Amino acid sequence: MSKPLVLMIVLVSFFSSCVVVKEYEKVAINDPDMQLSDLPCDRNVTIAHTYREGTAGANGGKTGGGCGCN
Amino acid sequence: MNRIKENIVLLFLLTSFLAFSQQQQEDEKSYKKRVLETVEVDLLSSYYNQDGDNAAVTGGIGTEELTDATATIIIAIPLNEDDVLTIDAGVSAYTSASSSNVDPFDGNRQADPFVASSGASSNDVWTNLTASYSHTSDDRNKIWSALASVSSEYDYFSVGFGGSYTRLFNERNTEISVNGTVYLDSWAAIYPFELRPFAPNGNGLNNGFFLDNAITGNSSYNPQFVPFKNENRNSYILGFGFSQILHKNVQGSLSLDFVQQQGLLSTPFQRVYFADIADSFVGNFQLADAIEQLPDTRFKIAVGGRLNWFLSDRFVLRTYYRYYNDTWGIASHTASFELPVKLSNNFTIYPSYRYYHQSAADYFRPFEIALSTEEFYTSDYDLSKYVANQLGMGVSYTDIFTRAKLWKFGLKQIDLKYYNYNRDTTFTSSIITIGFNFEVY
């Protein structure tokens, strides 16, 4: 369990050292395909993965609210 | 006299200037860009089907056939400059072998694990309603949100509530968030048909079913069956998020989720066949030795990262990786990438690939491998070791000017996607989704 935490701390430190991008420079960053989550129409695919696989979480998908047992 | 006139004019000009300045300041102060300009409506529909030969309802053998049609509507309503209310309602109708073979004897054909029964238990409807409310601070750097949800199907009911806090800083290059959600679920447990007469106070082999249907193989059928006393399942989720703009064309995020589950984590209708118990049959159907037994607690941890790169005006690269571990012994790796290709201002295609690998849960036993002396066992292949590959393709039409209008609805985007998913077991599935995004005037 400690491995993911160490990895996360290292990556956070790495990310924090980056340059600041001004608002007027964020044209590409604000592109809808650049959003940092599943695209809206992929929602049901993520739910299917959550139901069918032993894994859940860390992807914005649901981790409760239905048994998904069929 | 002239001096007085000059003073009056000067005073008038000064007063006007001050009044104008004050008004301008108030205008500037009162003007805020709305978090959401207009009401937005998303309609999402999907059709899913799967098949395989390792059904958990029949102890790790038998058809996993399932079809599901889902329709969802999401309405985001700006209440004022800062607050947004989102209503998310969905209905999902499915037909599955797993639910139909809870009672494989109620159809009009001979019971068989590889044939879904056509009886009354073969289909169900899942409904869900979620309401969420978000508030953004005046400087747009702090966001609070709260949600409540309810979902229901024939044998399962769930209520959930939660909240989140997001903080942006570093000229909105950096974002951190924390969220918590609680789901309080309850089963109306349904057990395999042939086990029901063996519940306490049941009449066992004197039940009419066994009097009408001869048992072959081990005719002294005597399964281990005690109905679950606790039918509640609670899930507590705590998540942390961090995102960072790395370059004007690159941004990434990290997320860390902790999930604690307690209560009935077994699925009551999933059969298990023991290696050390002689087999009993009615027709072609092997009678259950027991139902799956899993611990009543499970702790999950998942850490995920995304890195998105705007390669050019034509290509965007979206990547994702997740590592997962839980106290049942499952560890998994998920990696995916998607390469949106902008064919024009309106059309984008979305080729994608996803790789998934998991180790088996400590309690997983294939068909006829579990022993009756063990405390925990399951033959659910969703908890087995496997590798899965998924290929996807999608197309999106976007019109930011919403030129196509239907009454008060302006069509902003249409998405169509298809995914094909294959495990290195016999399991395969596919899903096709279509989504419409409207602005309301």
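The values are calculated or read from the model by the stated rules, or taken from the named source; none is laboratory data. Not measured: the values here are computed from a predicted model. Glycine also receives a Cβ, built like all others from the backbone with ideal geometry; neighbour counts cover every protein chain displayed. Protein only, heavy atoms only, side chains kept; ligands, DNA and RNA dropped before computing areas. Shrake-Rupley method; radii C 1.70, N 1.55, O 1.52, S 1.80 Å.
Remarks
- Accessible surface calculations at 1.4 Å, restricted to protein heavy atoms, place the range B:59-172 at 44 Å² per residue.
- Crossing angle, helix B:2-30 versus chain B [Cα axis fit, 0-90 degrees, rounded to tens]: 10
- Qualifying chymotrypsin sites (Phe, Trp or Tyr not before Pro) in the range B:331-395, where qualification requires a DSSP coil assignment and no more than 16 other C-beta atoms within 10 Å, comprise B:PHE376.
- Per-atom-type breakdown for the range B:250-309 gives carbon and sulfur 53% of the accessible area (1.4 Å probe, protein chains only).
- Using θ = phi - 60° in the Karplus curve 6.51 cos²θ - 1.76 cosθ + 1.60, the 3J(HN,Hα) couplings for the range B:138-144 round to 4, 7, 6, 9, 9, 10, 10 Hz; x is entered for Gly and Pro.
- B:VAL159 accessible area, assembled protein chains, probe 1.4 Å, Å²: 50
- Cβ-based net charge around B:THR166, under 12 Å, with every Lys or Arg adding one and every Asp or Glu removing one: +3
- Kirkwood estimate for chain B, i.e. one over the average of 1/r between Cα atoms, Å: 26.0
- Per residue value of the accessible surface for the range B:340-441 (all protein chains in place, 1.4 Å probe), Å²: 49
- Treating each Cα of the protein assembly as shown as one equal point scatterer and applying the Debye formula with no solvent, the log10 of I(q)/I(0) at q = 0.05, 0.10, 0.11, 0.13 Å⁻¹ comes out as -0.26, -0.85, -1.00, -1.31.
- Mean separation of Cα contacts under 8 Å, 6 or more apart, over the residue count of chain B: relative contact order %: 13
- With a 1.4 angstrom probe, the accessible area lost at the B-A interface totals about 5800 Å².
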